[in-house]
Amino acid sequence: MPATILVVEDEPAIQELISAALQHAGHRVMRAYSAEEAVPLVNGTLPDVVLLDWMLPGMSGIQFARRLRGEERTRELPIIMLTARGEEQDKVSGLDAGADDYLTKPFSPRELVARIKAVLRRRAPQMTEDCVEVEGLRVDPVTHRVTGNGRQLELGPTEFRLLHFFMTHQERVFNRTMLLDQVWGDHVFVEERTVDVHIRRLRAVLESTGHDGLIQTVRGSGYRFSVLPG
């Protein structure tokens, strides 16, 4: 699935090469030449992945990675470090700062796209095109089809995204704000109670195949998708 990727790279030629490769792969690209320039971009629209150069003017890539990991809103944001530094200790330092992966320059566009796909599969599985099936409930993000025990279920686009997110993040509790950020997008401003409305709609559809109980209300905390009793 197309992802929104923030490229933080101070070399114009490299930034252009990376951006062209990502756009060719179908991704949306945001660009910044420094961490300071990247901050308002992240504050405005949360990307799905950050490609972060180690050596940047001003705040370094390592410092920016630590900053992202230190804030609740960006704590789970996938980060891939890009650098010419290939020593093992440098890689360890990048991973210790919170990077999910590390690419040493020069690298091929094909390798970059493959690494992004792998990181998304680990960190943001809702962004991948893999089918998900739990207890006879199956979601196909490519065809946007949902079936329960082999029976096709009709979901609206928001309920589809909500169910897919839940199924790719099982057993975790999400409050309304977190669901709004992850499913609606953190740049969309709607009432938190909107989440409850869509949860009710989703449960109503799933009830016909007996899967409504998979979406549990956690009193005082939010919602979770679980095959275990609430």
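Out of T74, T104, which single residue is under 16 Å from V7 (Cα atoms), hydroxyl-bearing (S, T, Y), under 16 Å from the mean Cα position of the chain (by Cα) and not assigned by TED's automatic domain parsing to the domain that holds E159? Show your work before the answer.
Details: T104 fails: under 16 Å from the mean Cα position of the chain (by Cα).
Unique residue meeting the criteria: T74.
Need a quick list: strands (runs of 3 or more DSSP E) entirely within the stretch 17-129 having at least 3 residues that are modelled with pLDDT of 90 or more and surrounded by 15 or more Cβ atoms within 10 Å (Cβ to Cβ). Walk me through how you get there before you give the answer.
On the way: elements: 28-32, 49-53, 79-83, 101-104.
Answer list for the stretch 17-129: 28-32, 49-53, 79-83.
Take the stretch 34-77 and flag every residue that is hydroxyl-bearing (S, T, Y) and farther than 24 Å from K91 by Cβ. Let's see the steps before the verdict.
To start, the set of residues in the stretch 34-77 that are hydroxyl-bearing (S, T, Y) comprises 34, 45, 60, 74.
Within the stretch 34-77, just T45 meets the criteria.
Per-residue answers, yes or no, for (1) in contact with a Phe, Trp or Tyr (Cβ under 7 Å, 6 or more places away or on another chain); (2) without any contact (Cβ under 8 Å) to a residue 12 or more places away in the chain; (3) in a helix (DSSP H, G or I); (4) outside the structural domain of R73 (by TED's automatic domain parsing):
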residue: T177; (1), (2), (3), (4): no, no, yes, yes
residue: E191; (1), (2), (3), (4): no, yes, no, yes
residue: D196; (1), (2), (3), (4): no, no, yes, yes
residue: A204; (1), (2), (3), (4): no, yes, yes, yes
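Applying the selection to the stretch 172-196, what residues are of a type in the set (A, V, I, L, M) and surrounded by 13 or more Cβ atoms within 10 Å (Cβ to Cβ)?
So in the stretch 172-196, the residues of a type in the set (A, V, I, L, M) come out as 173, 178-180, 183, 188, 190, 195.
Hits for the stretch 172-196 are V173, M178, L179, L180, V183, V195.
Just to be sure, is G222 crowded, with 17+ Cβ neighbours inside 10 Å and under 21 Å from the mean Cα position of the chain (by Cα)?
Numbers: crowded, with 17+ Cβ neighbours inside 10 Å: yes; under 21 Å from the mean Cα position of the chain (by Cα): yes.
So G222 fits the description; yes.
Can you name the number of the only condition in (1) in contact with a helix residue (DSSP H, G or I) (Cβ under 6 Å, 6 or more places away or on another chain); (2) of a type in the set (A, V, I, L, M, F, W, C); (3) without any contact (Cβ under 8 Å) to a residue 40 or more places away in the chain that L41 fails?
Failing condition for L41: (1).
Here is a yes/no grid of residues against (1) within 21 Å of the chain's Cα centre (by Cα); (2) assigned by TED's automatic domain parsing to the domain that holds N43; (3) at pLDDT below 90; (4) outside any helix (DSSP H, G or I):
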residue: T158; (1), (2), (3), (4): yes, no, no, no
residue: F166; (1), (2), (3), (4): yes, no, no, no
residue: S208; (1), (2), (3), (4): no, no, no, no
residue: T217; (1), (2), (3), (4): no, no, no, yes
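Pairs please, first residue from the stretch 94-119 and on the phi > 0 side of the Ramachandran plot, second anywhere and among the small types (G, A, S), Cβ atoms under 8 Å, 6+ apart in sequence or on different chains.
G98/A65
If I215 meets every condition in (1) without any contact (Cβ under 8 Å) to a residue 12 or more places away in the chain; (2) surrounded by 19 or more Cβ atoms within 10 Å (Cβ to Cβ) apart from one, which number is that one?
Only one criterion in (1) without any contact (Cβ under 8 Å) to a residue 12 or more places away in the chain; (2) surrounded by 19 or more Cβ atoms within 10 Å (Cβ to Cβ) is unmet by I215, namely (1).
Quick one: what pairs do we get from the stretch 65-77, first residue within 24 Å of K117 (Cβ to Cβ), second part of a helix (DSSP H, G or I) and among the aromatic types (F, W, Y), C-beta under 7 Å, 6+ apart or different chains?
That search, which allows pairs on different chains as well, returns nothing.
The values are calculated or read from the model by the stated rules, or taken from the named source; none is laboratory data. Here the structure is a predicted model, which means the values were calculated and not measured. Using ideal geometry, Cβ is built from the backbone for each residue, glycine included, and neighbour counts are taken over all protein chains shown.
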